[in-house]
1. Take the residues of the range 213-224 that are charged (D, E, K, R) and free of Cβ contacts under 8 Å to residues at least 60 places away in the same chain: which is most open to solvent (accessible area, probe 1.4 Å)?
2. Tell me whether the range 162-169 contains one or more residues that are more than 16 Å from Phe88 (Cβ to Cβ), surrounded by 13 or more Cβ atoms within 10 Å (Cβ to Cβ), at pLDDT below 90 and touching a helix residue (DSSP H, G or I) at 6+ places or on another chain (Cβ under 6 Å).
3. Taking the stated definitions as given, is Glu121 of a type in the set (Asp, Glu), touching a helix residue (DSSP H, G or I) at 6+ places or on another chain (Cβ under 8 Å) and either open to solvent by less than 50 Å² (accessible area, probe 1.4 Å) or closer than 30 Å to Thr85 by Cα (or both)?
4. Suppose we keep only residues that are farther than 18 Å from Val148 by Cα and over 19 Å from the mean Cα position of the chain (by Cα) within the range 67-83. Which one would you say is most open to solvent (accessible area, probe 1.4 Å)?
5. Could you tell me which numbered condition Gly84 fails, if it satisfies all but one of (1) over 12 Å from Ile135 (Cβ atoms); (2) touching an Asp or Glu at 6+ places or on another chain (Cβ under 6 Å)?
6. For the subset of the range 11-64 comprising residues that are open to solvent by 10 Å² or more (accessible area, probe 1.4 Å) and assigned to a strand (DSSP E or B), which member is modelled with the lowest pLDDT?
7. Kindly list, by first and then second residue, each pair from a residue in the range 7-25 that is touching a residue at least 40 places away in the same chain (Cβ under 8 Å) to a residue that is hydroxyl-bearing (Ser, Thr, Tyr) and surrounded by fewer than 18 Cβ atoms within 10 Å (Cβ to Cβ), limited to pairs with Cβ atoms under 7 Å and residues at least 6 apart or on different chains.
8. What pairs come up if the first residue lies in the range 128-154 and is without any contact (Cβ under 8 Å) to a residue 12 or more places away in the chain, the second is surrounded by 15 or more Cβ atoms within 10 Å (Cβ to Cβ) and in a helix (DSSP H, G or I), and their beta carbons are under 9 Å apart, counting only those six or more places apart or on different chains?
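The values are calculated or read from the model by the stated rules, or taken from the named source; none is laboratory data. What you are looking at is a predicted structure, and each value in this text was computed from that prediction instead of being measured. Cβ atoms come from the backbone with ideal geometry, glycine included; neighbour counts cover every protein chain shown. These area figures cover heavy atoms from the full protein model, side chains too; ligands, DNA and RNA do not enter into them. Shrake-Rupley method; radii C 1.70, N 1.55, O 1.52, S 1.80 Å.
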Amino acid sequence: MAFTAKDVQALREKTGCGMMDCKKALTETNGDMDAAVDFLREKGLASQAKKASRIAAEGTVATVIENGVGAVVEVNSETDFVAGTAEFKELADKIAKVVAKENPADVDALLKCSFEGQTVEEMVQEVFLKIRENIKVRRFARFEGKVVTYIHAGGKIGVMVNFDGDVDANDEQFITMGKNVAMQIAAMNPGYLDEASVPAEVLAKEKEILIAQMKEDPKMANKPEQVLANIV
């Protein structure tokens, strides 16, 4: 499988590794992006890489809870300066309200939704004409029910948690508990709700990567495979 300079750049943005390391990883894996991420992790160069979860663009996250519906949306810009402006944050807030109210199927559908006489696409274009930076509505999520949201680092990370249970969603103790859970998610970025939710193949792959990392360590390289497996 061939790869291009754009693939190298995409891998660099996803992992934070150097250009030459990314090129080598793609060469070793015949251009397979996911395998290249694993290759870099095994070499200890991208130990915290998260597949498809990191992007190079700047931007902000906005959340809203209205009428028992919560929404979170990520809107990207070219620079953090623009992402921090009041106008850009206001745009993101409006788009979050559209998500909560209209329940669009995907980003393309969201762009066609209307808010105060304009489509979301027109709203984005209007802000673009003022700030002259590309703006992209990247992704969103929406939950109905007992929802709590949390924004960290001024809009860099957004978390929305949906709870089951016989509880008043407006109860102060519930909201405090929910925000504490959301803060933990923001800090740790867990991939799964609990241990039982982790697919067997993911667990096996993570063990494989940890063993490969230990084999790269001179202090561990000569230990038998079973010893490494027991450590993992």
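1. Taking the candidates together, the pick is Lys219.
2. yes
3. Judged against the criteria, Glu121 is a match.
4. Quick first cut of the range 67-83, residues farther than 18 Å from Val148 by Cα only: 75-83.
Okay, now just the ones that are also over 19 Å from the mean Cα position of the chain (by Cα), so 81-82.
On the way: Phe81: 155, Val82: 12 Å².
This residue is Phe81.
5. (2)
6. Glu58
7. Here the result reads none, with nothing in the range 7-25 linked to a residue that is hydroxyl-bearing (Ser, Thr, Tyr) and surrounded by fewer than 18 Cβ atoms within 10 Å (Cβ to Cβ).
8. Listed pairs, sorted by first residue: Ala153/Ala186.
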